[in-house]
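As structure tokens, the structure follows; a few thoughts come after it.
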Amino acid sequence: MKKRDLHNAPAHERVAVINHSFPMLLRVYTLLALLALLISPTSAEVSLKVGAGFAAKDSLDCSHENNADAAECLAGLRWEPGAFEVKCEPAQKDRGDWLIRFPSPVPIGDETNDLVAMEWLLAKDAEGRPVKAPAVVVVHESGRSMPAGLAFARGLRGKGLHTFLVHLPGYGARTSERSGGIRKMLPALRQAIADVRRSRDAVSVLPLIEPGRIGVLGISLGGFVTSTVCGLDRGFDHNFVLLAGGNLADVLLHGAKDAARLRADAQKAGVTPDQIRELTRVIEPMRLACRVDAARTWLFSGSFDEVVPPRCSVAFAKAAGLIDGHHQQLPAGHYTAAAFIPVILDKVAQVMLTPAAQTN
């Protein structure tokens, strides 16, 4: 029927024409809607902009503990849970896609240091578009430029995971005049433990993060921080400890290379072995190892580690009751363990990308 005749056509003929045309119109509208979705930014991309803020709340829960020593340790590490804001800032060149900031739950009165920083490396698809995926908070080693931490953050992002390289107190964006020195480093680790635990709640409110699939991975110094964090409570869904373990004072007093340099710095600063034992006791992972979720924790140690004596890693694994396969002793030293980075990355990605019911 010609268009000009439709107005004067009988009602049943007009209905027939409309019914015939409707499927074609529906297909056209559907196609246009799909095109709009493809060319317009996603809600996550719109919300990720400089200055964007996200409301977060601490989920810390370490109120119940029967072991007297563990309870005393928790009393010295816990803070009063509260609300806080997470903000997006521009990333530094070649240092991730965004810099995520939030306040430390245990500030020391230093404005620069007390604002936690995390470099966010976005998980992306083959076309470079951000995608929804699990996340891993990476806690770096003692190197000032955090090369090992950055290597793991980039490697895990390449496996399809969002990664967040958290800057420990006195490092990176948190460097201030109050940073540095053995007398400051050990007390700062208490703040580091709180910051890493709060990072879980900061990450959970960001777009593109799969809920219930947030892990933490700590390397060397960051590994000792992580060992204590996973004993605080069961905030992270999976814990990965690399080249660390327990008995931190033993490492500082008897370890070689990096540990020996710290020991020499302590001697120059007049810090005695007894003071090292006292300072490290506050943050000692072994005191909370009985609280670690063994089924969700993996430890990678070096059988010939010259910085962290292997006995320190073995002691933590036993105290935490790590199940078969969750303590992998690599035939390597502290630095030659770098050769096993691909193996570790594969394992972490496998755990993080596997549904919880199938993880082992």
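No lab work stands behind these numbers, since they all come straight from the coordinates. It should be emphasised that the depicted structure is a prediction, and the values quoted were computed from it without experimental measurement. Here the Cβ is made from the backbone with ideal geometry for all residues, glycine too, and neighbour counts use every protein chain on show.
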Check your understanding: Between H254 and A83, what is the spin-label point distance in nm, taking each point 7 Å from the Cα along the Cα→C-beta axis?
Key -> 5.0 nm
Point to revise | Per-peptide average of other Cβ atoms within 10 Å, ordering 190-196, 276-282 highest first | key: 190-196, 276-282
Study note, to complete from the structure: For the range 45-358 the translational diffusion coefficient, Stokes-Einstein from a Kirkwood Rh over Cα pairs at 25 °C and viscosity 0.890 mPa s, in µm²/s, is roughly 127 µm²/s
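Report the full-extension gain for the segment S176 to K49: residue separation times 0.36 nm, less the Cα-Cα distance, to one decimal in nm.
Contour length minus the Cα-Cα distance gives 43.0 nm.
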**Study point:** Calculated over the range 155-259: convex hull of Cα atoms, volume per residue (Å³)
**Key:** 121 Å³
Practice item. For a quick protection proxy, order the peptides 98-109, 159-170 by their average other-Cβ count within 10 Å, most packed first. Key: 159-170, 98-109
Review point. Charges only on Cβ, +1 for Lys and Arg, -1 for Asp and Glu: so what's the dipole of the range 238-306 about the Cα centre, in debye to the nearest 20?
Key: 120 debye
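Take the alpha carbon atoms of the range 247-360, find their radius of gyration, then divide it by 2.2 N^0.38 Å using N residues; give the quotient.
1.21
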Practice item. Kindly give Rg over Rh for the range 226-280, based on alpha-carbon atoms, with the Kirkwood expression for the hydrodynamic radius. Key: 1.08
Check your understanding: If the cut-off is 19 Å between C-alpha atoms, which aspartates and glutamates fall inside it for K57, apart from same-chain ones fewer than 8 positions away?
Key -> E80, E85, D114, D195, D201, E210, D233, D237
Check your understanding: Long-range amide H contacts for T163: which residues qualify at under 5 Å (H placed 1.01 Å from N, peptide plane, sequence gap of 5 or more or a different chain)?
Key -> L121, A123, V136
Practice item. Report the full-extension gain for the segment R277 to S303: residue separation times 0.36 nm, less the Cα-Cα distance, to one decimal in nm. Key: 6.9 nm
Practice item. Could you sort 61-74, 230-243, 307-320 so that the peptide with the highest average Cβ count within 10 Å comes first and the rest follow in order? Key: 230-243, 307-320, 61-74
Study note, to complete from the structure: Rounded to the nearest 0.05, FRET efficiency between S145 and D346 (Cβ-Cβ, R0 30 Å) equals 0.70
Review point. Once the Cα gyration tensor of the range 125-196 is found, what semi-axes does its equivalent ellipsoid get, as square roots of 5 times the eigenvalues, in whole Å, sorted largest first?
Key: 29, 12, 10
Check your understanding: Can you run phi through the Karplus equation (6.51, -1.76, 1.60; θ = phi - 60°) for the range 220-236 and list ³J(HN,Hα) in whole Hz, with x for Gly and Pro?
Key -> 6, 3, x, x, 5, 4, 5, 4, 6, 4, 6, x, 4, 7, 10, x, 7
Exercise for review: Calculate the spin-label point distance for T354 paired with H64, positioning each point 7 Å from the Cα along the beta-carbon direction, and give it in nanometres.
Suggested key: 3.0 nm
**Study point:** Inter-label distance for R311 and E72, nm, one decimal - labels placed 7 Å from Cα along Cα-to-Cβ
**Key:** 2.3 nm
